[in-house]
């Protein structure tokens, strides 16, 4: 099959939707499909590249809301149309698989997708609780851009229960399928690193690792408030925050004033795997707008690292409070502190949780079964569209 995978932007190894699209593209290409990733040029080194067996085509776009922590590329209408039309003109596309109902980048692709070409839409996030007036803008966008994009799809995937609830509220006629994201459990593994080799601290000190986009949405303020409380208490714990984003300077300043905090900034894939495996726990503090569990949570679990996480959804697959994770109320710094203290002061419990985390990842988060399901879906919607075309 010749498949278009469309994302709002595509910068490998930065997490979120981009990591999913990259993983899908690589594995579908490995299975013999011809894969084209189409995206905006945000964070791009070049407009067209070949990598891991698939091609990436970019078009020009603006991203004015990035400074507010809201990635929302706006396609350049002239350049985007030219680039996208060229792709459809030069070859027959069998499937268009778009990621993110909320984006004009999805609309840009679907606007020029031939009517006979099947469309699969993949939704990764629920509603994000931005402050007013941005929350009102988000709601308006969902009911216009989001609804139009959803109605072009022949099949809709949602990556978690809370995402499906959100999509169903936008279009009540839909019955989206839940397809939880997957990871390579061979790449993320407990044997990737030890605390003594990876972190610059006393080997007896509990180490907690956090990786996210550094923005308010990710609960960075809540995490920093919790660390200030821990610092005042003199709690023996070492917290490492990695990532980049609008709140980078705030995190750097906190790291200069808090004894328990160290900031690593951007990290490479190889180092990231070592950080996950060497840490005693992983911190996930987002307040809203996340699928649950996230890719970072899955990667931590596969690395045998228990998670202290904001509880964003009920009955999340692979997540059992007290068994492989500690779940706390989103936005509650005091409860987050108690979760951190519980793990920091109970190494035997953490060792048991570590084993359970790895077992859970192997059972619930392996990637290849997700690619199997995508191929099944592609064949199914292709047959459905062909039947409709024949009938008409």
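General remarks:
- Shape of the range 231-359, Cα gyration tensor, a/c cut at 1.5: rounded
- For the chain, a/c is not less than 1.5, where a ≥ b ≥ c are the root eigenvalues of the C-alpha gyration tensor, and a/b tops b/c. That puts it in the prolate class.
- DSSP assigns beta bridges within the chain; of those with both partners inside it, close to 10 percent run antiparallel.
- Shape of the range 142-294, Cα gyration tensor, a/c cut at 1.5: prolate
- Spin-label pair residue 232/residue 323, simplified geometry with 7 Å Cα→Cβ offset, distance in nm: 3.7 nm
- Estimated inter-spin distance, residue 368 and residue 139, nm [label 7 Å along Cα→Cβ]: 4.7 nm
- Put the Cα centre of the range 106-145 next to the Cα centre of the range 181-248 and the gap is 32 Å.
- Counting every other Cβ atom within 10 Å of each residue's Cβ, 260, 325, 343 order from fewest to most as 260, 343, 325.
- Annotation: peptides 86-94, 178-186, 268-276, ranked by per-residue average of other Cβ atoms within 10 Å with the highest first, follow the order 178-186, 268-276, 86-94.
- Listed from fewest to most Cβ neighbours within 10 Å, the set 50, 319, 253 follows the order 50, 253, 319.
Only the coordinates and a few stated rules stand behind these numbers; no lab work does. In this text, all values refer to a predicted model and were calculated from it rather than measured experimentally. Glycine gets a Cβ as well: all are built from the backbone with ideal geometry, and neighbour counts include every protein chain shown.
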